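The values are calculated or read from the model by the stated rules, or taken from the named source; none is laboratory data. Just so we're clear, the structure is a prediction, and the values are computed from it rather than from any experiment. Please note: Cβ atoms are built from the backbone with ideal geometry, for glycine as well, and neighbour counts cover all protein chains shown. All accessible areas refer to the heavy atoms of the entire protein, side chains included, with ligands and DNA or RNA removed. Shrake-Rupley method; radii C 1.70, N 1.55, O 1.52, S 1.80 Å.
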Amino acid sequence: MKTSAALKLSRRRACLLALTCAVAWPVAHAQQQSAWPNRPIRLLVPAPAGGASDMIARTIGESIRSSTGQTVVVDNKPGAGGILAVEAMLSAPRDGYTFVLSPNSLVTEGPYSYKFRVDLFKDLAPVAEVAKVALVLVADPKLPVQNVKEMVAYVKAHPGKTTYASYSPGSLSHIKGMQFNKAAGLDMEHAGYKGSPPALVDLMGGQVQFMFDGMGTSLPLIKTGKLRPLAVTSPTRSPFLPDVPTLAEAGFANLTQTMGTGVWSTPDVPADIRARFRAELLKAIATPSVREQLQALGMDTASTNLGVEEWSRTLKQDYERTGENLQSINDKP
């Protein structure tokens, strides 16, 4: 049986041990954060391999690997408007090693068509916008259609027999098709896909006839004659397709819009890690080789001067604009 003195000594040692642990844990935690990144970073992408977001992620990831010495693992989780990618991030440790890279439509359009179990404006934290791309209206080149005017005439001459594809239901690709239907008085059916690659395969195969697609995935096929471009959604003609008119030039100015792509984390990831990753992302898109690679894919890098708060406000405004657009065409997802 322990003496009173021995018990006091034992309790004192226990208290000292507890105090040491209490002090050591924050120190170790701080050291772990200061060493970020000390292992691979995971980028969840809600698009299949070969899609525009996938290409952006891999291009930027390689630049970050060169800068930090850590691999950036691109994890493709296509479909469901980004839900799968978001849920994968939410189920991962909140330690600053798992992020989502997605078109801005994840938060500006997805909530109108999909039931997320979270509030994307509260449960996701914007890190940085990294790229901008216009959509291009493309057609099966076997169709007797050379421009938007001829497309409208063709669809009207074949009532109920034409279909437009989108790279995901509820995406900008889908919404632009609905808006175009409304503006031009057309009745095209919609076919939603899990990403651009499978949609483009069916477009080239004649299963669908038209599509609003991101420039990055369509441009290589346009250059080889496998797709025919009819118009772009950018405010001015794209330097990648200088001979292709804008939708505004074709008489549909209200359909002008470009699409951003950005990176998100969860709000509880340490703020200093989010700031460091943002710095790495901005460093990557400022790198000439990254700019050149994205431009070769028909994309532009985002502005490095766009702050997180300003980007957050823009996303909210675009979300509200999407709601107004859907209401204007009487769409009820």
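To keep it simple, each residue is scored yes or no on (1) within 25 Å of residue 251 (Cα to Cα); (2) small (Gly, Ala, Ser); (3) in contact (Cβ under 8 Å) with a residue 40 or more places away in the chain.
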{"residue": "158", "(1), (2), (3)": "yes, no, no"}
{"residue": "170", "(1), (2), (3)": "yes, yes, yes"}
{"residue": "173", "(1), (2), (3)": "yes, yes, yes"}
{"residue": "184", "(1), (2), (3)": "yes, yes, yes"}
{"residue": "193", "(1), (2), (3)": "no, no, no"}
{"residue": "204", "(1), (2), (3)": "no, no, yes"}
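What number of residues in segment 294-310 are at pLDDT 90 or above and surrounded by fewer than 19 Cβ atoms within 10 Å (Cβ to Cβ)?
Total meeting the criteria: 8.
Do the conditions hold for residue 229, that is, is it open to solvent by 10 Å² or more (accessible area, probe 1.4 Å), assigned to a loop (DSSP other than H, G, I, E, B) and more than 21 Å from residue 59 (Cβ to Cβ)?
It is false that residue 229 is open to solvent by 10 Å² or more (accessible area, probe 1.4 Å), assigned to a loop (DSSP other than H, G, I, E, B) and more than 21 Å from residue 59 (Cβ to Cβ).
Say we look at segment 311-331 and pick out the residues that are among the acidic types (Asp, Glu) and within 19 Å of residue 233 (Cα to Cα); which of these is surrounded by the most Cβ atoms within 10 Å (Cβ to Cβ)?
Taking the candidates together, the pick is 318.
Looking at segment 264-311, which of its residues are touching a residue at least 24 places away in the same chain (Cβ under 8 Å), more than 16 Å from the chain's Cα centre (by Cα), part of a loop (DSSP other than H, G, I, E, B) and more than 30 Å from residue 241 (Cβ to Cβ)?
If the condition is that a residue be touching a residue at least 24 places away in the same chain (Cβ under 8 Å), more than 16 Å from the chain's Cα centre (by Cα), part of a loop (DSSP other than H, G, I, E, B) and more than 30 Å from residue 241 (Cβ to Cβ), then 267, 268, 269, 270 are the ones that fit.
Scan the helices (runs of 4 or more DSSP H) fully inside segment 30-127 and keep the ones with 1 or more residues being within 27 Å of residue 318 (Cβ to Cβ) and over 13 Å from the mean Cα position of the chain (by Cα).
Working: elements: 52-68, 83-90, 105-108, 110-113, 120-123.
Because the criterion is at least 1 residues that are within 27 Å of residue 318 (Cβ to Cβ) and over 13 Å from the mean Cα position of the chain (by Cα), the helices (runs of 4 or more DSSP H) in segment 30-127 that meet it are 52-68, 83-90, 110-113, 120-123.
Would you check which residues across segment 221-238 are more than 17 Å from residue 203 (Cβ to Cβ) and more than 21 Å from the chain's Cα centre (by Cα) and list them?
236, 237
Please go through segment 232-262 and give me each residue that is outside any loop (DSSP other than H, G, I, E, B) and farther than 20 Å from residue 152 by Cα, ordered by number. Give the derivation first.
Keep residues of segment 232-262 that are outside any loop (DSSP other than H, G, I, E, B), which gives 232, 246, 253-255, 258-262.
Passing the criteria: 258, 259, 260, 261, 262.
The rows are residues; the columns are (1) of a type in the set (D, E, K, R); (2) closer than 17 Å to residue 127 by Cβ; (3) in contact with an Asp or Glu (Cβ under 7 Å, 6 or more places away or on another chain); (4) at pLDDT 55 or above.
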site: 17; (1), (2), (3), (4): no, no, no, yes
site: 33; (1), (2), (3), (4): no, yes, yes, no
site: 47; (1), (2), (3), (4): no, no, yes, yes
site: 51; (1), (2), (3), (4): no, no, no, yes
site: 56; (1), (2), (3), (4): no, yes, no, yes
site: 64; (1), (2), (3), (4): no, yes, yes, yes
site: 76; (1), (2), (3), (4): no, no, yes, yes
